[in-house]
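Please read the structure below before turning to the comments.
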Amino acid sequence: MKKLLLTFFAVIALSFASNAQGWGPDKGTTQISAGLGTGVYGIPVFADVQFGVSEYITLGPRVAFSSRTTYYGNDRYRESYFSLSMVANYHYSKHISALPSELDLYGGLELGYVAYRDNWNDDLYTPEDRSTVMLGIRAGAKWFFTPNFGAMLELGGGAGRSGALVGVTFGL
């Protein structure tokens, strides 16, 4: 059984390495990221797809959701945020030759739509739905363990009203 598991993981690792496209974005590459965050309104869950439009620029959609519930005595109050946005990032690690090639540093903007809902569990308060346009700015880093798999960290605002996002990235 142990040999079977080791063989399975070796095949998976080799399949990632055999489709290597480099450590960071290039024109024509695609990266999928997903993870969790920290924020004022609960723990955001997010997913995005980034398309390499040049050697340094990625562009793609992002979806995020966060929610929190607070109790005041016997009353429950719940807030939820859903966002659908477009993310544009400039990847600048290639400009700094002293950095390891596995490190991808970037900064970017996020522009999108946020739907908000709050709700009390009593008859005295009517649930409120709002929506708005959202603009977020971020700084991020990805560390690639293989050319097609890495961990990511982003600091800034945007997705699900987040302060930080942590996740994984897969290159296709």
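Kindly indicate which of L105, L135 is of a type in the set (A, V, I, L, M, F, W, C) and surrounded by fewer than 14 Cβ atoms within 10 Å (Cβ to Cβ).
On inspection, the qualifying residue turns out to be L135.
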**Message:** Quick check on segment 85-97. Is at least one of its residues at pLDDT 90 or above, under 16 Å from the mean Cα position of the chain (by Cα) and farther than 15 Å from P25 by Cα?
**Reply:** yes
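Conditions (1) touching a strand residue (DSSP E or B) at 6+ places or on another chain (Cβ under 7 Å); (2) surrounded by fewer than 18 Cβ atoms within 10 Å (Cβ to Cβ); (3) over 28 Å from Y71 (Cβ atoms); (4) not hydroxyl-bearing (S, T, Y), marked per residue:
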| site | (1), (2), (3), (4) |
| --- | --- |
| D122 | yes, yes, no, yes |
| D129 | yes, yes, no, yes |
| G140 | yes, no, yes, yes |
| F144 | yes, no, yes, yes |
| F149 | yes, yes, yes, yes |
| E154 | yes, no, yes, yes |
**Message:** Here's a check for you: in segment 77-105, which residue that is part of a loop (DSSP other than H, G, I, E, B) and in contact (Cβ under 8 Å) with a residue 12 or more places away in the chain is nearest to G150 (Cα to Cα)?
**Reply:** E102
**Request:** Go through the residues of segment 31-51 one by one and say whether even a single one is over 17 Å from A151 (Cβ atoms), without any contact (Cβ under 8 Å) to a residue 60 or more places away in the chain and part of a strand (DSSP E or B).
**Result:** yes
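Can S80 be described as among the hydroxyl-bearing types (S, T, Y), touching a Gly at 6+ places or on another chain (Cβ under 9 Å) and either at pLDDT below 95 or over 21 Å from A139 (Cα atoms) (or both)?
yes
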**Message:** Here's a check for you: in segment 55-79, which residue that is polar (S, T, N, Q), surrounded by fewer than 16 Cβ atoms within 10 Å (Cβ to Cβ) and under 22 Å from V114 (Cβ atoms) is nearest to the chain's Cα centre (by Cα)?
**Reply:** T69
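Among G60, G108, G160, which is assigned to a helix (DSSP H, G or I) and either at pLDDT below 90 or within 20 Å of P25 (Cβ to Cβ) (or both)?
Being assigned to a helix (DSSP H, G or I) and either at pLDDT below 90 or within 20 Å of P25 (Cβ to Cβ) (or both) holds for just one of G60, G108, G160, which is G160.
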**Item:** D122 vs. criteria more than 11 Å from the chain's Cα centre (by Cα), acidic (D, E) and either assigned to a strand (DSSP E or B) or within 22 Å of L59 (Cβ to Cβ) (or both)
**Value:** no
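The values are calculated or read from the model by the stated rules, or taken from the named source; none is laboratory data. These figures come from a predicted structure and were not determined experimentally. Cβ sites come from the backbone with ideal geometry, for glycine too, and all protein chains shown count toward neighbours.
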